[in-house]
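Structure record follows, encoded as structure tokens.
The values are calculated or read from the model by the stated rules, or taken from the named source; none is laboratory data. Fair warning: this is a prediction, and the values are worked out from it, not measured in the lab. We place every Cβ from the backbone using ideal geometry, glycine too, and count neighbours over all the protein chains shown.
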Amino acid sequence: MSPSIEPTQELNAPEPEHCPGPESDLAGKEDACQGCPNQEICSSNTVKGPDPDLPLINARLSQIDHKILVLSGKGGVGKSTFTSMLSWALAADDSLEVGAMDLDICGPSLPRMLGAEGEGVHQSNSGWSPVYVADNLGLMSIGFMLPDPDSAIIWRGAKKNGLIKQFLKDVNWGEHLDYLVVDTPPGTSDEHLAVTTYMKEVGVDGALIVTTPQEVALLDVRKEIDFCRKAGIKILGLVENMSGFVCPNCKGQSQIFKPTTGGGEQLCKDLNLKFLGSVPLDPRIGACCDHGRCFFDEYPDSPATTAILDVVDALRDQVELDMTKLTLE
Ligand code: SF4
């Protein structure tokens, strides 16, 4: 007969890389758990917990109305570019207070895209102050803590988890934020597991998934969707980026990445997800991001501007619809 398991137990060994978190719903079930000395304990959901920092994280994040994770299955689909434009677009509404959190620890690009490269983070008794790139748009990124922008971050899971916890616990966003937009690395890795575990109690509105039209990108998006479903993260919708090309001179559009299997819209139909819209390639988007300028302000007449603002409106509708439903329940 196997020994009975006590109500709470210590782990047999330190959590390995890619651990989903011994107290998470995925504990003992993920690929990283196979062969882990803790698997039996973790599968039993009796690991000693909860994390003593969780109440502090909950208190800090409870002052934020809407929390949105920006995810992509594959790198190179323009996720951080879209995050920066989503942040600019939300902050264009003067009535909103907006925060952007860059959790792409190995490749933080929001400081450059939002025009804050070279800035530093200030620490005070009330926590770490974000860098304000507009009166109502604050940014926090590990990019602010690197000695130079070319420094490589070579960290294992536990250290990444520690930094993410500190960002969630110690960044002082002020008395109230309407939106916190969280940029994550591509794929489903330590950062995703950490952020979903630490934000589980306070809750996130959901995830916005960014893809490009080709099947090679959609293959990875399906994995991301599966991750969200396993981790209990609502998918607010999907946006197809680089969906056609807009010539900056004649404004004509052409397909560069052809959607061989129907693209993001068909995927959403197949999986019963909200399709938020398509954003065409416009080379001036890249130039604006490189120089930390707001694309909408610089090129308000670009078809890409209209498309991005339509996606942001659809996203806000989705978030606010969910709030209305919650209020009525
Ligand atoms: S079994 Fe899974 S959840 Fe538990 S410590 Fe190992 S990797 Fe982490």
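Data for the structure
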{"read-out": "Strands (runs of 3 or more DSSP E) fully within the stretch 56-142 counting 2 or more residues that are under 23 Å from residue 192 (Cβ atoms)", "value": "64-72, 98-102, 137-141"}
{"read-out": "Which listed residue, of 102, 53, 94, is touching a residue at least 60 places away in the same chain (Cβ under 8 Å) and over 30 Å from residue 216 (Cβ atoms)", "value": "53"}
{"read-out": "Residue in the stretch 26-41 that is at pLDDT below 85, surrounded by 14 or more Cβ atoms within 10 Å (Cβ to Cβ) and more than 9 Å from the ligand (Cβ to nearest atom) present", "value": "no"}
{"read-out": "Residue in the stretch 70-91 that is in contact with a strand residue (DSSP E or B) (Cβ under 8 Å, 6 or more places away or on another chain) and within 14 Å of the ligand (Cβ to nearest atom) present", "value": "no"}
{"read-out": "Failed criterion for residue 151 (all others in (1) closer than 30 Å to residue 16 by Cα; (2) surrounded by 15 or more Cβ atoms within 10 Å (Cβ to Cβ) hold)", "value": "(2)"}
{"read-out": "Residues satisfying the stated conditions in the stretch 42-55, i.e. within 16 Å of the ligand (Cβ to nearest atom) and either farther than 21 Å from residue 27 by Cα or crowded, with 19+ Cβ neighbours inside 10 Å (or both)", "value": "42, 47"}
{"read-out": "Test: residue in the stretch 166-187 that is touching a His at 6+ places or on another chain (Cβ under 8 Å), assigned to a helix (DSSP H, G or I) and within 24 Å of residue 24 (Cα to Cα)", "value": "no"}
{"read-out": "Yes/no for residue 58 being within 16 Å of the ligand (Cβ to nearest atom), on the phi < 0 side of the Ramachandran plot and touching a residue at least 24 places away in the same chain (Cβ under 8 Å)", "value": "no"}
{"read-out": "Lone unmet requirement of (1) outside the structural domain of residue 313 (by TED's automatic domain parsing); (2) in contact with a His (Cβ under 9 Å, 6 or more places away or on another chain) for residue 29", "value": "(2)"}
